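Here is the structure we will look at.
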Amino acid sequence: MKIINLEAVKKIGEEYGWDDRLLEDTLANAIRMCYAEKGMHAEVDVNIKEGTIAARRRSGIADRGVWIDIDNPLMPSMKMFMSIMEQQQWGKGDAGRILEAEVAGIRDGGVIYRVSGQFVIVPENLLSVADFRKRPDLGEKQVIVLCSSKDKYNMKTATRRGKEFVGAVMECYYPNCISGLWMGASNSWAVIRMSKDHMEEWTSQEGANLRYLQRILGIRRITLIPESELETEQERKDEELMSFINSAWKNCEIGKMEAANVTINLPLDAPVDPRKLRTFTSMLKKVSPEREFEVV
């Protein structure tokens, strides 16, 4: 009899962002499949918190048979369990569903992925910045988010780019952690506002979690803004804007900070890259659209 490690199952669930109830249902389905392959009908209850698995099968006694407890139920291999997880993860293929998919090919500049026996394409214009510069290798596993549209070959499309993609993937790790999200530099720079507690989780261990997320998303830069806890709305806006400026361009100095106007002094000790200045100014307007900025 195969034995499946419930702690390993729970660890996999944490990586996928699944709760115990969903994992229990998935493992129960996998065990039922073990019996179905032998032509038997079984019912299964899994309780990860208690570390128990209860299984029953129908005997042929009486008109409709009776349920008999199984002392040593059949268990799926970890590979079979993961396969059932992938099938449940795909579901109906609804838009917004987040999936781990395997690179299966390249077509028309886009990348074709295989997931749960289905093929999905991320068109060239929806590739991440990293994938656009260098297409991923065949067999590489990546995170995608399904879209509602299909391409000209009737293949379902997905995305690895933009605000919705970044937000959906990030909140798989910490649900509802984002209170503001802005994308700039052709979707290669994400500026994200969150509570200080969530920010500490992402920046712990010298930012290892944040670097990992950046690699998963295929973007060049993530800037986090701590959500202000000051009393008035204007005070909160000012503090959050100052946090963004200090993180985005550390050598800048804020010359004036008013409700409608902000003056930022650029560093004098080094030449300013015009592209960096344009990107910085553009993001300022996204983060605080109600203000006029003068960058000198």
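Using a Gaussian network model of the chain with C-alpha springs under 10 Å, which one of W189, W249, W202 is most mobile by mean-square fluctuation? Fluctuation is largest for W249.
Kirkwood hydrodynamic radius, region 98-161, all distinct C-alpha pairs: what's the number in Å?
11.3 Å
In terms of distances greater than 30 angstrom between alpha carbons, the cross-link table entries K10/K196; K79/K152; K79/K196; K38/K156; K79/K156; K163/K196 yield K79/K152; K79/K196; K38/K156.
The GNM of the chain, with springs linking C-alpha atoms under 10 angstrom apart, assigns the highest mean-square fluctuation among K163, K79, K141 to K79.
A cut-off of 5 Å between modelled amide H atoms, ignoring neighbours fewer than 5 places along the same chain, links S128 with R160. Beta bridges per DSSP, both residues in region 232-296: antiparallel share near 50 percent. Dividing the Cα radius of gyration of region 190-296 by its Kirkwood radius returns 0.98 for Rg/Rh. Have a look at M80, M283, M40 and tell me which one the Gaussian network model of the chain (Cα, springs below 10 Å) gives the largest fluctuation. Largest GNM mean-square fluctuation: M40. Would you please classify the overall shape of region 100-257 from the alpha carbon gyration tensor, given that a ≥ b ≥ c denote the square roots of the eigenvalues, rounded means a/c under 1.5, and beyond that prolate means a/b larger than b/c while oblate covers the rest? Prolate is the answer for region 100-257, as a/c is 1.5 or above and a/b outweighs b/c. Excluding G139 itself, calculate the net charge of residues whose Cβ lies under 10 Å from the Cβ of G139, where each Lys or Arg counts +1 and each Asp or Glu counts -1. Result for the local shell: -1. So in the chain, what percent of DSSP beta bridges are antiparallel if you round to the nearest 5? Expressed as a percentage, antiparallel bridges in the chain total about 75. Compactness of the chain is given as radius of gyration and Dmax, 25.0, 91 Å, from Cα positions. By definition, a body whose alpha carbon gyration tensor gives a ≥ b ≥ c is prolate when a/c is 1.5 or more and a/b is larger than b/c, and region 6-90 fits this prolate description. The mean sequence distance of close C-alpha pairs (under 8 Å, at least 6 residues apart), as a share of the length of the chain, puts its relative contact order at 10 percent.
For region 46-166, DSSP calls about 90 percent of its internal beta bridges antiparallel. Per-residue ellipticity at 222 nm computed for the chain from its helices equals -12000 deg cm²/dmol, with DSSP H segments shorter than 4 residues left out and the rest contributing -39,500 (n - 2.57).
All of the numbers you see were taken from the coordinates with simple rules; none came from a lab. All of these numbers come straight from a predicted model, not from anything done at the bench. Neighbour counts are summed over all protein chains in view; Cβ atoms, including those assigned to glycine, are modelled from backbone coordinates with ideal geometry.
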